[in-house]
1. So if R0 is 30 Å, what FRET efficiency would residue 61 and residue 11 give, r being the distance between their Cβ atoms, rounded to the nearest 0.05?
2. In debye to the nearest 20, how big a dipole does the chain give about its Cα centre with +1 on each Lys and Arg Cβ and -1 on each Asp and Glu Cβ?
3. Among DSSP beta bridges whose residues both lie in the stretch 11-119, state the antiparallel percentage, nearest 5.
4. Using the Cα centre of the chain as origin and beta-carbon charges of +1 (Lys, Arg) and -1 (Asp, Glu), tell me which of 35, 108, 200 is placed farthest towards the positive end of the dipole.
5. Each residue of the stretch 195-211 in order: what ³J(HN,Hα) in whole Hz does its phi give by Karplus 6.51 cos²θ - 1.76 cosθ + 1.60, θ = phi - 60°, with x for Gly and Pro?
6. With just the Cα atoms defining each centre, how far is the stretch 174-214 from the stretch 77-143? Give it in Å.
7. Whole-Hz Karplus ³J(HN,Hα) for the stretch 97-103, in order, using 6.51 cos²θ - 1.76 cosθ + 1.60 and θ = phi - 60°, x for Gly and Pro?
8. Can you pull the one-decimal nm distance between simple spin-label points at residue 116 and residue 83, each 7 Å off the Cα toward Cβ?
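Each value in this text was obtained by applying a stated rule to the coordinates, not by laboratory testing. Quick caveat: nothing in here was measured; it's all calculated off a predicted structure. With ideal geometry, Cβ positions are generated from the backbone for all residues, glycine too; neighbour counts draw on all protein chains shown.
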Amino acid sequence: MKGGIVEGLAEVREDLRSACKRSGRDEGDVKLIAVSKTFSAEAVREAIGEGQRVFGESRLQEAEGKLADVAEGIEWHFIGGVQRNKVRKILPLFEWVHGVDSLRLANTMDRTAADLGIVAKIFLQVDLAGEDSKGGYAPDVLHRELDDLSSMGNLEIGGLMTIPPATGDGGGSRRWFSELREFRDQLERNFKTSLPYLSMGMSGDYELAVEEGATHVRVGSAIFGRRNHKVRGESAGG
Ligand SMILES: *Cc1c(COP(=O)(O)O)cnc(C)c1O
């Protein structure tokens, strides 16, 4: 089928390869998260059939049924906003949680992870443009709280995540991607810590994100097709 998941996935993979080549990066250093929100378990299985093993969902309720319906051995990333009262359900299902943006939430995750006997692997979401609507740490607040966050024994902080302001063509995202990388570098220097991962880039701008250092790109519609309805917390233009 022309324009289907098989083609979409092949195209995105090819784009990622080219972007890695252009920027002198190793293909293996960029992980493609196929964002399957609003799409069926069947769509996920089709992508799995093409060798895709990493998927992203942004709403717990929608994800629960889908995860139960899909083969094991899949790495799921929770990429939506996280409500504290959902943490106990999210942690056992998702390998990584991308939207952590407060000490309070991090505390809940740390304590819950301890209860569950696991380490919660997280990305700290950063709001570089000061867009309150999307969630995310203001950079100065994160700078202030990173010591406390790092001291939590049941959290592993993989790195930073951002959702840049929507622009018509996606080209405007580059600036935010390079800012996120620079902010990460600054945190690593100031705190003598390691934040290896940068989760940035969606369907309209994943190539730019790779050129600017993304290690995780979150791509939905370029693989699965247009979504029929918006998901709460989703960026405009997504
Ligand atoms: C929906 C969503 C994506 C994927 O968006 P596309 O434009 O469909 O690629 C990526 N990240 C987050 C946080 C999302 O909510």
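1. Computed FRET efficiency for residue 61 and residue 11: 0.45.
2. So the magnitude is around 380 debye.
3. Percent antiparallel among DSSP bridges in the stretch 11-119 is about 0.
4. Sorting the options by dipole projection puts first 108.
5. 10, x, 9, 10, 9, 7, x, 10, 4, x, 8, 5, 5, 4, 4, 5, 4
6. Here the two parts' Cα centres lie 18 Å apart.
7. After applying 6.51 cos²θ - 1.76 cosθ + 1.60, I find 10, 8, x, 7, 9, 7, 5 Hz.
8. Taking the two extended label points, one gets 1.7 nm.
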